[in-house]
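The values are calculated or read from the model by the stated rules, or taken from the named source; none is laboratory data. In this text, all values refer to a predicted model and were calculated from it rather than measured experimentally. When we count neighbours, we look across all protein chains shown, and the Cβ atoms used for this are built from the backbone with ideal geometry, even at glycine. Note: accessible area is taken over every heavy atom of the protein model, side chains too, but ligands, DNA and RNA are not part of it. Shrake-Rupley method; radii C 1.70, N 1.55, O 1.52, S 1.80 Å.
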Amino acid sequence: MTYTQLVLIAVPTVILFDLFVTRSRIVTRKSFWNAYAILLFFQLITNWWLTSRGILTYDEDVITGIRIAAAPAEDLLFGFSMIVMTISLWIYWGRKGIQSSSK
């Protein structure tokens, strides 16, 4: 499976997970999109720095070849999926009262 295929499965899966499993519904909140814009700015800078210097490379056979700030476009979608999943679970577990076992 290519990176592109994985990302195209991950994004809708994470959105559905947020809306219907955890019911956090962060993708419907203006505050999320405002915060995401800030995260996206720094993700673009980080992606550019890592890929333009050859620190991080990608197999051209598993990506579309579309690049944004020197990194594959798939990275932006993958980052979106990670952020949404993390925040959605954070809110869900917070509602459930699940606390860290490090106390």
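In region 8-45, the residue that is most open to solvent (accessible area, probe 1.4 Å) out of those that are outside any helix (DSSP H, G or I) and at negative phi is R29. Pairs linking a residue in region 11-23 that is farther than 15 Å from L77 by Cβ to a residue that is of a type in the set (F, W, Y) and part of a helix (DSSP H, G or I), with Cβ atoms under 7 Å and 6 or more positions apart or on different chains, are T22/Y92. Checking the stated criteria, W90 turns out not to satisfy the condition of being in contact with a strand residue (DSSP E or B) (Cβ under 7 Å, 6 or more places away or on another chain) and open to solvent by 60 Å² or more (accessible area, probe 1.4 Å). The residues of region 46-58 that are outside any helix (DSSP H, G or I) and surrounded by 10 or more Cβ atoms within 10 Å (Cβ to Cβ), listed by number, are L56, Y58.
Yes/no matrix, rows are residues, columns are (1) under 17 Å from the mean Cα position of the chain (by Cα); (2) under 12 Å from V11 (Cβ atoms); (3) hydroxyl-bearing (S, T, Y); (4) open to solvent by less than 40 Å² (accessible area, probe 1.4 Å):
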position	(1), (2), (3), (4)
E60	no, no, no, no
T64	no, no, yes, no
I68	yes, no, no, no
D75	yes, no, no, yes
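In the set (1) among the hydroxyl-bearing types (S, T, Y); (2) in contact with a helix residue (DSSP H, G or I) (Cβ under 6 Å, 6 or more places away or on another chain); (3) free of Cβ contacts under 8 Å to residues at least 12 places away in the same chain, the condition left unmet by T86 is number (2). Scan region 28-41 and tell me whether some residue there is aromatic (F, W, Y), within 17 Å of M82 (Cα to Cα) and free of Cβ contacts under 8 Å to residues at least 40 places away in the same chain. Yes: region 28-41 contains one or more residues that are aromatic (F, W, Y), within 17 Å of M82 (Cα to Cα) and free of Cβ contacts under 8 Å to residues at least 40 places away in the same chain.
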